[in-house]
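Read the figures in this text as sums done on the coordinates, not as results from a lab. Nothing here was measured: the structure is a model prediction, and the numbers come from that model. Ideal geometry is used to build each Cβ from the backbone, glycine not excepted, and the neighbour counts take in all protein chains shown.
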Amino acid sequence: MSARKPRPTVLLIGDATRADFRSATQYLQSETNLLTAASCAAASELFAAIEVPAPQWIVLATPQRGAFATCEVEALHTQAPLAKLVQLLGGWCEGETRTGRPLRGVTRAAWTSFVSRAQAELHPQSRLGYAGWSLPRTATPHDVALLTRASVSQSIVTGGLVAVVAVGREDYLALADALAACGCQACWRRDGSLPSEAQGIVWAGTSLTASQQQRWRQLRQAAGARPIVALLDFPRWQEVAELLDNGATTVIAKPFLLGDLRAGFAQAGLLGAAPSQKLSA
């Protein structure tokens, strides 16, 4: 019998009690030796005051843009130079790469995708896709996307027929390609008229407006017991909680990596390799 792999040490900096960071914190508590600090300054004092194991990851819990300055992150990294820097992005960080000043050399993960990406990194045998967290700090998002797609392609598990409920054909085609890369077949539906042979559903939503909520209720009724993977544009934690409380198997935020979709499909039981963790909000 092989020895159990040692649990990695992770330092989480920021307010771990926020609702949108709850799933990430709970997962790290269950899978790692988790240390916490309220700020980079507090983390630096932690390193200086006591003998702590060198963390494999430093997770920056970022509730909104500008919560961490580059200079303080780089100064902290000199105290743990081998640690991987991962930025856990809250619901108010969308658009930062276009209109803000994102941290450089830091791996970014939205709060909705953090758990599945962390699991892919900690448990490669889960076949959830490549998280890219072990890449050097100079790696670009394009590098991560390429390696994620290659990893998913190398671990395809044959899936079944999935109904993609989307208003626009462009949304359907993009999701059909993603499903094909994960070994599933796709069919397009504009509404809740689902084929009986579909084993699961992907709902290409936007935000939970009144009209979208009505569409969701109709879809949920038509789906019966079949799993639904819901997609939303930059969801807030309240929207995720509402969908999970009303029948969604999992919720994935747009934009996403192929590995995020694969994790959602696996959790819905569409790939035969469902992970143990479910996103909570």
Sequence of Leu257, Leu35 once ranked by neighbouring C-beta atoms within 10 Å, starting from the fewest: Leu35, Leu257
Karplus 3J(HN,Hα) series, Hz, for the range 227-235 with 6.51 cos²θ - 1.76 cosθ + 1.60 (x for Gly, Pro): x, 10, 9, 9, 10, 9, 7, 6, x
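At a 10 Å Cβ-Cβ cut-off, how would you order Trp188, Trp111, Trp237, fewest neighbours first?
On the way: Trp188 14, Trp111 27, Trp237 19.
By the 10 Å Cβ count, ascending, the order reads Trp188, Trp237, Trp111.
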When the range 178-256 is reduced to its Cα atoms, the Kirkwood hydrodynamic radius in Å: 13.0 Å
Residues Lys254, Lys84 arranged by fewest to most Cβ contacts within 10 Å: Lys254, Lys84
